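Data first, discussion second: the structure below is written as structure tokens.
The values are calculated or read from the model by the stated rules, or taken from the named source; none is laboratory data. These numbers were taken from a predicted model, which means no experiment stands behind them. All Cβ positions, glycine included, derive from the backbone under ideal geometry; neighbour counts span all protein chains shown.
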Amino acid sequence: MKRLHGPVPRRNYTGLLASLVAIVIGLLLGFLVLALCNPPQAANGIKTLMLGGFTGGMKGLGNVLYYATPIIMTGLGVGLAFQTSLFNIGGPGQFIVGAVCSLFVAIRFNLPGPLGWIVPLLAGMLGGALWALLPGLLRAHLGVNIVIATIMMNYIGMYLANHIVKQAIYDPLKGQSQVVPAGHTLPYAGMDKLFPGSMANIGFLIAVVMAVIVYIVLNKTTFGFELKACGKNRDASRYAGINEKRNIVLSMMISGALIGLGGALMYLSSAGKYIKPVDVLAAEGFNGIPVALLASNHPVGIIFTAVFIAYMQVSGFYMQTYRFSPEIVNIIISVIIYFSAFALVIRNAVRSFQLRSAPQGKPAAKGGKKV
Amino acid sequence: MSSFYFLCQQTMIFFVPLMIVALGELFSERSGVLNIALEGIMVFGGFWGILFVSKFQASMPVWLCLAAAIVISMAMGMLLSLLHAFASINLKADQTISSTALNTFSTAFCIFFARVVQEVEQVSFKNTFRIDKIPLLGDIPVIGPMLFQNAYITTYLGVAILLVSSYVLYKTRFGLRLRSCGENPQAADSVGIDVYRMRYTGVLLSGALGGLGGLVYIIPSTTMFNSTVAGYGFLALTVLVFGQWKPSRIFFAALFFGLTKTIAAAYSGIPFLLGLGIPDTIYKMLPYIATLLVLTITSSRSPGPAAAGVPYDKGAR
């Protein structure tokens, strides 16, 4: 169809544009809610919402990066599975199992030097990968619905994680997991110099490196191509000689490993995060879904989306100063996601505009990186 | 014997909301729209119903209060699902994205709103809806204490919904048309069925039943509603797949899940199970492991509605 109408650029900015429009709409609606529910404080509320992440200058920014780290990882995991058309809603399970595995290794094994934190991180990845392995196998070989299988694994993982915490790494006085011994927490890697007084550590850098690796694997390797091909058309992939079952399982395992690493990075920091063995699914695990969706599953886009969401969360925290509930941030995020679902409509509108204008000899639109 | 009766009564409390919500989702998916916003719809519908109960239960008779709360919950569930319907039907948006948005929105909004109107996020109410014993029926030996004591009127409402849904879906013209839109909307359109309208109806029904399910879940399980239904919306989705998109099997799937869940929650009160000495954690995992096992055996046989999750585009070839 499009070839008949002349040159239409395959790559353009419409995806990014659609996300930006969604963000603006979300923020405006958020302002409206603030203005309606507490008019005298609305101005302060809006100001905090926009600038709250900068509270304390570089310290605030460092905290934003710290909070963004697990969100990047869960976003990457969910996004990667989406590329293979697998809706991995098992984030909460993979996240908490990864976190517990890494805490267990960090607290119980006294490994020397940098191994003290590297091995726990690997343990976290392994835990997450294992937790995604079973749903992957069930999906690939027995046709079990991946959404259902991962939801079940969420609960099983949560109870298992709580059990391990209580049995092996429990601090009964505080009712939470034990403190990670010094030397086994993540190093700062210069982030403490850059963002003095903040909680930022090497975790953010690891997350960014992971995003780049995922980008390269997905876009520059045969393996990545196979993963995406299985997502686009499973039958055609099989016809082309791709082992689609293997790819489904691998996609899930990598996805789980990324999410598990997110759990490890969050709890191995020295920022005072502990696992409380209560029967509630890890909310961080679900956060990956909106992040991946908002970034259209693009690994680099996920970094920016995650930082944006973390920024909003930090702002939301400070909004309590003006007696606004921090939930306003989630309301705004949900509105943004809802409107980003309209991206297709916006994209089609732009495309039809390009189709109409292209034959008249105008340059259709600027090329560029697809975001 | 009393622990057996207790088990039955508890199972009803767990399984009825699951079944109601799964039946709602059944209508939506049969019409061709995937609605994974059930969790959000349950919270949203339940929230408004409970808020009403909390504010007005002192000033009206119990039955009227419950009836009004049911209507409010259903209406608010429909309102939220309308957003999903608009995005996924008219705008052909990705149905996963818009559902995810609604799930996030619902909990956030309810907590935010509760704080605005009453300072704290928990909505507290008095549970005056439990019926100790239903006259006549409750006196029947064995069945009486099993089904008609310590019960909620909403349980029987759930059973009525099951029967009506089954009838509507398979014995009426509307049901046939709805199902055809979920299997092959192009073909349905070609014989003059309004696919958009059918899909709207499906999604709105899922909203109404989802909201009702939220209320039904909240009333017996807490008196301090905290804007969460503990993943029941997602579990209802499981029950639907587990029940292979058929009302009667959904009933059994929900019952199975409700029973295992009850055992997990109440095993310490049952001397036989307590005597086995199995750790607490295993019991808690039991419903989920069992479901996963059953799914592995049954899933390959039933793929579900062919067009569920695919936006209907009139011009598509």
Inset, instruction - Determine whether the stretch A:103-116 contains at least one residue that is within 30 Å of A:Ser315 (Cα to Cα) and not charged (D, E, K, R). - result: yes
Legend entry - Pair list, Cβ under 9 Å, 6 or more apart: the stretch B:127-139 residue in a helix (DSSP H, G or I), other residue hydrophobic (A, V, I, L, M, F, W, C): B:Leu137/B:Ile143; B:Leu137/B:Leu147; B:Leu137/B:Phe148; B:Gly138/B:Ile131; B:Gly138/B:Leu147; B:Gly138/B:Phe148; B:Gly138/B:Ala151; B:Asp139/B:Phe148
Inset, instruction - Working only within the stretch A:34-48, note down all residues that are assigned to a helix (DSSP H, G or I) and not hydrophobic (A, V, I, L, M, F, W, C). - result: A:Pro39, A:Pro40, A:Gln41, A:Asn44, A:Gly45, A:Lys47, A:Thr48
Legend entry - Qualifying residue in the stretch B:132-142 (condition: farther than 15 Å from B:Met42 by Cβ, surrounded by fewer than 16 Cβ atoms within 10 Å (Cβ to Cβ) and touching a Phe, Trp or Tyr at 6+ places or on another chain (Cβ under 6 Å)): yes
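Go through the stretch B:214-255 and give me each residue that's small (Gly, Ala, Ser), closer than 30 Å to B:Phe113 by Cβ and surrounded by fewer than 24 Cβ atoms within 10 Å (Cβ to Cβ). Walk me through it before giving the result.
As a first pass, look at the stretch B:214-255 and keep what is small (Gly, Ala, Ser): B:214, B:221, B:227, B:230-231, B:233, B:236, B:243, B:248, B:253-254.
With the extra rule that they be closer than 30 Å to B:Phe113 by Cβ, the set shrinks to B:214, B:221, B:227, B:230-231, B:233, B:236.
Selection gives B:Ser221, B:Ser227, B:Ala230, B:Gly231.
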Inset, instruction - Working carefully through the options A:Lys193, A:Lys166, A:Lys174, find the one that is charged (D, E, K, R), at pLDDT below 90 and in a helix (DSSP H, G or I). - result: A:Lys193
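Could we say that B:Ala151 is buried (at least 17 other Cβ atoms within 10 Å of the Cβ) and at the interface with another protein chain (Cβ under 9 Å from one of its Cβ atoms) here? First the steps, then the outcome.
Values: buried (at least 17 other Cβ atoms within 10 Å of the Cβ): yes; at the interface with another protein chain (Cβ under 9 Å from one of its Cβ atoms): no.
Considered against the rule, which asks whether it is buried (at least 17 other Cβ atoms within 10 Å of the Cβ) and at the interface with another protein chain (Cβ under 9 Å from one of its Cβ atoms), B:Ala151 comes out as no.
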Inset, instruction - Check whether at least one residue in the stretch A:238-256 is more than 26 Å from A:Val100 (Cα to Cα), outside any helix (DSSP H, G or I) and in contact with a helix residue (DSSP H, G or I) (Cβ under 6 Å, 6 or more places away or on another chain), and report yes or no. - result: yes
Inset, instruction - For residues that are touching a His at 6+ places or on another chain (Cβ under 8 Å) and either modelled with pLDDT of 85 or more or closer than 17 Å to A:Asn145 by Cα (or both), tally how many sit in the stretch B:243-280. - result: 0
Inset, instruction - Kindly list the number of the only condition in (1) away from every other protein chain (no Cβ under 14 Å); (2) more than 27 Å from A:His298 (Cβ to Cβ) that fails for A:Leu122. - result: (2)
Legend entry - Boolean, A:Tyr188 is on the phi < 0 side of the Ramachandran plot and touching a residue at least 60 places away in the same chain (Cβ under 8 Å): no
Legend entry - Single condition B:Ser227 does not satisfy, out of (1) in contact with a Ser or Thr (Cβ under 8 Å, 6 or more places away or on another chain); (2) among the small types (Gly, Ala, Ser); (3) assigned to a helix (DSSP H, G or I): (3)
Legend entry - Condition met for A:Val119 (aliphatic (A, V, I, L, M) and buried (at least 21 other Cβ atoms within 10 Å of the Cβ)): no
Inset, instruction - Any chance you could count how many residues in the stretch A:106-119 are among the aliphatic types (A, V, I, L, M), under 14 Å from A:Ser269 (Cα atoms) and touching a residue at least 12 places away in the same chain (Cβ under 8 Å)? - result: 2
Legend entry - Qualifying residues in the stretch A:165-187 (those that are crowded, with 22+ Cβ neighbours inside 10 Å and among the β-branched types (Val, Ile, Thr)) - the one nearest to B:Ala290 (Cα to Cα): A:Val165
Legend entry - Residue list for the stretch A:47-82, restricted to those being within 14 Å of chain B (Cβ to nearest Cβ) and within 30 Å of A:Ser237 (Cα to Cα): A:Thr74, A:Gly75, A:Val78, A:Gly79, A:Ala81, A:Phe82
Legend entry - Complete set of residues in the stretch A:187-210 that are closer than 20 Å to A:Val119 by Cα, of a type in the set (A, V, I, L, M, F, W, C) and under 18 Å from the mean Cα position of the chain (by Cα): A:Ile202, A:Phe204, A:Leu205, A:Ile206, A:Ala207, A:Val208, A:Val209, A:Met210
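A quick yes/no check of all residues on (1) charged (D, E, K, R); (2) at pLDDT below 85; (3) within 30 Å of B:Asn90 (Cα to Cα):
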| position | (1), (2), (3) |
| --- | --- |
| A:Tyr322 | no, yes, no |
| A:Pro326 | no, no, no |
| A:Val329 | no, no, yes |
| A:Ile336 | no, no, yes |
| A:Val350 | no, yes, yes |
Legend entry - Residue ID - modelled with the lowest pLDDT, chosen from residues in the stretch A:128-158 that are surrounded by fewer than 23 Cβ atoms within 10 Å (Cβ to Cβ) and more than 23 Å from the chain's Cα centre (by Cα): A:Gly143
Inset, instruction - Might you check whether a residue that is within 26 Å of A:Ala140 (Cα to Cα), in a helix (DSSP H, G or I) and either at the interface with chain B (Cβ under 10 Å from one of its Cβ atoms) or of a type in the set (Val, Ile, Thr) (or both) occurs anywhere in the stretch A:265-286? - result: yes
Legend entry - Positions within the stretch B:155-187 being surrounded by 17 or more Cβ atoms within 10 Å (Cβ to Cβ), farther than 12 Å from B:Met19 by Cα and touching a residue at least 60 places away in the same chain (Cβ under 8 Å), in sequence order: B:Ser166, B:Leu169, B:Leu178, B:Arg179, B:Cys181, B:Gly182, B:Pro185
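Residues B:Leu295, B:Leu209, B:Leu205, B:Leu237: which one is under 26 Å from A:Phe87 (Cβ atoms), within 10 Å of another protein chain (Cβ to nearest Cβ) and modelled with pLDDT of 85 or more?
Only one candidate qualifies: B:Leu237.
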Legend entry - Condition broken by B:Ala253, with the remaining ones in (1) within 14 Å of the chain's Cα centre (by Cα); (2) among the small types (Gly, Ala, Ser); (3) not in a helix (DSSP H, G or I) satisfied: (3)
Inset, instruction - State yes or no: is B:Thr228 more than 17 Å from A:Met152 (Cβ to Cβ), in contact with a helix residue (DSSP H, G or I) (Cβ under 7 Å, 6 or more places away or on another chain) and touching a residue at least 24 places away in the same chain (Cβ under 8 Å)? - result: yes
